Amino acid sequence: MSGTTIDRRDALKLLVAAAAAIAARPAVRAAESHASDAASPAAGAGEKRPLGKTGITVPTIGVGAMITREAEIIRYAVDRGATYVDTADCYMGGENERIVGRALKGVRNKVVLASKVHIAPVDQMIRSVENSLKSLDTDVIDIMQLHGIGSEGEVTDGNAREALRKLMDQGKIRVPGVTTHSGQETVLRAVMKHGFYKTVAVAYNFRSDEGLKAALRKALTGGTGLSAAIRDAGAAGIGVIAMKTQAGGYPVEGGKLSPHQAALAWVLENPGVATTIPSMVSFAQVDENLSASGKRLGWGGKKALELYSRAIGDRHCGLCGQCAGFCPSGVDVQGVLRSLTYYEGYGQEDLARQSYRMLGSERGASSCATCGSCAVACRLGLNVRSLAGRAHVLLA
Ligand code: SF4
Ligand code: SF4
């Protein structure tokens, strides 16, 4: 339980750091103008799917607003059909909800708005959601999700259910949901088993199962793993929202479909997925992502993913958590490699350093340099010792 608490606290600090890091980035985005981008408009997010049995229909490509600092970019996406917008009370220390609120001025009723709350005593959860309503400048939040849960116990948590039930009775939220980064299959199956929650947001991308080929086979033909759990959840009427769809955001070349468009198409090949919420920090990125709407993966997409996979295959951790606890020296491999992805994938140096520092000496990778042989077998075949060692050199 204490581990869960630490994870949440760490996550909060990370998000604040993310906001600062984004704010400090070179002013590339500032140079982009709405008008110039409008000269080559995106095709728009035309494809829609039902969000499970909520009665709500959503575009298959929505907006993950977590690192978007400019309200104009969110509005640009919404105006082009990305009418599912996801934020959280703790993103950018609360500022992200205010940005989303500004972005949705005048179009709030066209958007399915999702935010998040951490499990806490009932009164505290209710206060948190009421603060979100103020920040978002709205009377009701459509999807209110428990933030970052990872166990069946959290799915059945009494406080959380009581708070969300009261908020629904008061008309302040519409649909209760959860988000998960760890123990995802457990959470998906617990939600199916115990009812009450209608949506689950999961980290899901073309590297989520066992390598590209196995993942493609599983997504298309069935089987075990996260793809199957998502498919089952969708069939059971749970609205599945896919996040972390772009596998680290590494800049890579593509062909007919860009690798990032192919990554979205791959996720949407799973019929259990209702919508996706990729991060978007530029008008060009909005155009690129929304142009993937309705596109099938096809040969060109598979080729693009092969190239993407080849480009990141020796360094991108799928954050599956399957290697947790295997290092005899206590290295938090997932946490260390996530920090490395912030540095090498997203180019967020400050965020990467802060994330690595928060692991502390006990969970950091200082032991890797002198370790005889690595006891951690990654399901993606990553050279954990080499990557963790590199993370330590770059980020310690
Ligand atoms: S190389 Fe690093 S991660 Fe692997 S077992 Fe040794 S200390 Fe643990
Ligand atoms: S290192 Fe490999 S096994 Fe461990 S969390 Fe990352 S992808 Fe999963």
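Spin-label point model (7 Å from Cα, Cβ direction): what's the MET168 to THR370 distance in nm?
It works out to 5.5 nm between the two label points.
Can you work out the Karplus-derived ³J(HN,Hα) for every residue in the stretch 386-395? Use 6.51 cos²θ - 1.76 cosθ + 1.60 with θ = phi - 60°, whole Hz, and x for glycine or proline.
Each residue of the stretch 386-395 in turn: 5, 5, 5, x, 5, 4, 5, 4, 6, 10 Hz.
Past 29 Å, Cα to Cα, is the threshold; run LYS53/LYS166; LYS48/LYS302; LYS110/LYS302; LYS53/LYS116; LYS48/LYS193 against it and keep the listed order.
LYS110/LYS302
Can you tell me the length gained on complete extension of the stretch ALA120 to VAL393, counting 0.36 nm per residue apart and subtracting the Cα distance?
94.5 nm
Values in this text are rule-based calculations from the coordinates and carry no lab data. As the structure is a computational prediction, the values presented were derived from the model and not from experiment. All Cβ positions, even for glycine, are placed from backbone atoms using ideal geometry, and neighbour counts span all protein chains on display.
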